[in-house]
1. Can you tell me which of 38, 34 is assigned to a loop (DSSP other than H, G, I, E, B), of a type outside the set (A, V, I, L, M, F, W, C), surrounded by fewer than 15 Cβ atoms within 10 Å (Cβ to Cβ) and at pLDDT 95 or above?
2. Filter segment 46-67 for residues that are modelled with pLDDT under 80 and within 19 Å of residue 8 (Cβ to Cβ); which is farthest from the chain's Cα centre (by Cα)?
3. Of the conditions (1) in contact with a helix residue (DSSP H, G or I) (Cβ under 6 Å, 6 or more places away or on another chain); (2) free of Cβ contacts under 8 Å to residues at least 24 places away in the same chain, residue 64 satisfies every one except a single condition; which number is it?
4. From the list 88, 51, which residue is free of Cβ contacts under 8 Å to residues at least 60 places away in the same chain, surrounded by 18 or more Cβ atoms within 10 Å (Cβ to Cβ) and under 22 Å from residue 151 (Cβ atoms)?
5. Take segment 1-19 and flag every residue that is part of a helix (DSSP H, G or I) and under 14 Å from residue 142 (Cα atoms).
6. Taking the condition of being buried (at least 21 other Cβ atoms within 10 Å of the Cβ) and either over 22 Å from residue 67 (Cβ atoms) or of a type outside the set (A, V, I, L, M, F, W, C) (or both), how many residues in segment 20-31 meet it?
Amino acid sequence: MLRLALYQPDIPQNAGTMLRLCACLGVAAEIIEPAGFPVSDRAFRRAGMDYLEDVVINRHDSWRRFEEWRAAAGLRLVLATTRAAAVYTDFAFGPDDVIMVGRESAGAPEEVHAAADARIVVPIRPGMRSINVAATAAMLLGEALRQTGGFPAAPRLPSRMTPLVNG
């Protein structure tokens, strides 16, 4: 199963958006603490996270514990960073990859960069600092799921309905 890892997330609204994304796409979420807000089912429910029961969330109380878990599972870590040279659309994703996004305030530290098996970037216009972390996660997961054939099956339309074409 493809996974999205949130490295010490700072902003609960972004984390909630990414957890909802994971729920809708059938992607597991890995949260590496400490976070900049309470990371509990109760806190997410209070924030309006109504998809909580539909997402697999694994909490890791530190970077070290996450790395121990990842090593034992034999999973590849793909880090999204503005410091990468590999464009995400040119990267070959695997169905068991862990795609990691960094903190909104600081990205990912050197030890995370050093541990990553691959580093990828979403190219942006010169002079722009970065794309919102939740939007970046959506772009990366979309490409990874496209490449690996991992998107959920599209719903079938009732026979009396036809999709709109050109309008």
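1. Within the list 38, 34, the selection yields 34.
2. Checked segment 46-67; the qualifying residue farthest from the chain's Cα centre (by Cα) is 47.
3. (1)
4. 88
5. 18
6. 1
The values are calculated or read from the model by the stated rules, or taken from the named source; none is laboratory data. From a predicted model like this one, the values you see are computed outputs, not experimental measurements. Cβ sites come from the backbone with ideal geometry, for glycine too, and all protein chains shown count toward neighbours.
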